[in-house]
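First up is the structure itself, then whatever we jot down about it.
The values are calculated or read from the model by the stated rules, or taken from the named source; none is laboratory data. This one's a predicted model, so the numbers in the text were calculated from it and none came from an experiment. Cβ coordinates were reconstructed from backbone atoms using ideal geometry, including for glycine residues, and neighbour counts include every protein chain displayed.
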Amino acid sequence: MDLIGASVASRCAYYQQVCQLPALIDPDSGQIIVFAGRVQAVMVPWALGQRVRSSLSRSDAGCGPIVFHPKSGSWTFITNSDLGIDPTADDTLFWRGHVVVLASGIPIALPTPTATNADPCREWELPPTSPQRPMTHTVLNAVRICLKRGGTR
C-alpha cells in the first residue's frame, strides 16, 4: 500500500472507505484517530509483538493491521472488538508483559501524513489494506501464549 504523498484528508478517507475504520481527524492535533469501541487496540512491546505477529500469521485470523511506535518501541494491533471481553482475568500476566488493551472511548492514533510525509510517533508495521482485522480475543490469546512461553523478549 503506497500512502506516500497522501494528504491527511485522503488518508482518513482511505481508512474509512477501504479499511472500514471509523476514522476521523482530531481537530486539536490534526492526527487521524479511531475511538475504541467496535474497533479495539492491543498494545505490546516490540519484541513481544514480533512473536505475536508470527503466531497470528500461522492462523486463519490474520494479524494486521499493526502500528509501530518508534519512540516507545511498541506495537499496536488494531482489532475488531469482542463485546463483553474482559482481559482483567489476565491482569497480572498482561501487566508484567506491558500489555494494554485500549478501553471503549479511548482514542487510537493512526499513522498520519505530515508536511514531511513522516509521522515520527507512529508508522505502519503492517498497513491495513482491507476491513480484515483479527478479533481482540484472538490477539489476546496469542499474547497470552507468547507470554507464558517466554516473557516479553
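The residue that is modelled with the highest pLDDT, counting only those in the range 82-114 that are of a type outside the set (A, V, I, L, M, F, W, C), surrounded by 15 or more Cβ atoms within 10 Å (Cβ to Cβ) and under 16 Å from ILE33 (Cα atoms), is PRO107.
Quick one: which residue in PRO120, PRO127 is modelled with pLDDT under 95, exposed (fewer than 15 other Cβ atoms within 10 Å of the Cβ) and either of a type in the set (Phe, Trp, Tyr) or in contact with a Pro (Cβ under 9 Å, 6 or more places away or on another chain) (or both)?
Values: PRO127 fails: exposed (fewer than 15 other Cβ atoms within 10 Å of the Cβ).
So the residue among PRO120, PRO127 that is modelled with pLDDT under 95, exposed (fewer than 15 other Cβ atoms within 10 Å of the Cβ) and either of a type in the set (Phe, Trp, Tyr) or in contact with a Pro (Cβ under 9 Å, 6 or more places away or on another chain) (or both) is PRO120.
Residues satisfying the criterion are absent from the range 64-80 (criterion: among the small types (Gly, Ala, Ser), under 15 Å from LEU140 (Cβ atoms) and touching a residue at least 24 places away in the same chain (Cβ under 8 Å)).
Yes/no matrix, rows are residues, columns are (1) closer than 30 Å to LEU147 by Cα; (2) touching a strand residue (DSSP E or B) at 6+ places or on another chain (Cβ under 8 Å):
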position	(1), (2)
VAL8	no, yes
GLN17	no, no
ASP28	no, no
ILE33	yes, yes
GLY37	yes, no
ASP60	yes, no
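Take GLY37 and decide whether it is in contact (Cβ under 8 Å) with a residue 24 or more places away in the chain and crowded, with 18+ Cβ neighbours inside 10 Å. Answer is no for this residue.
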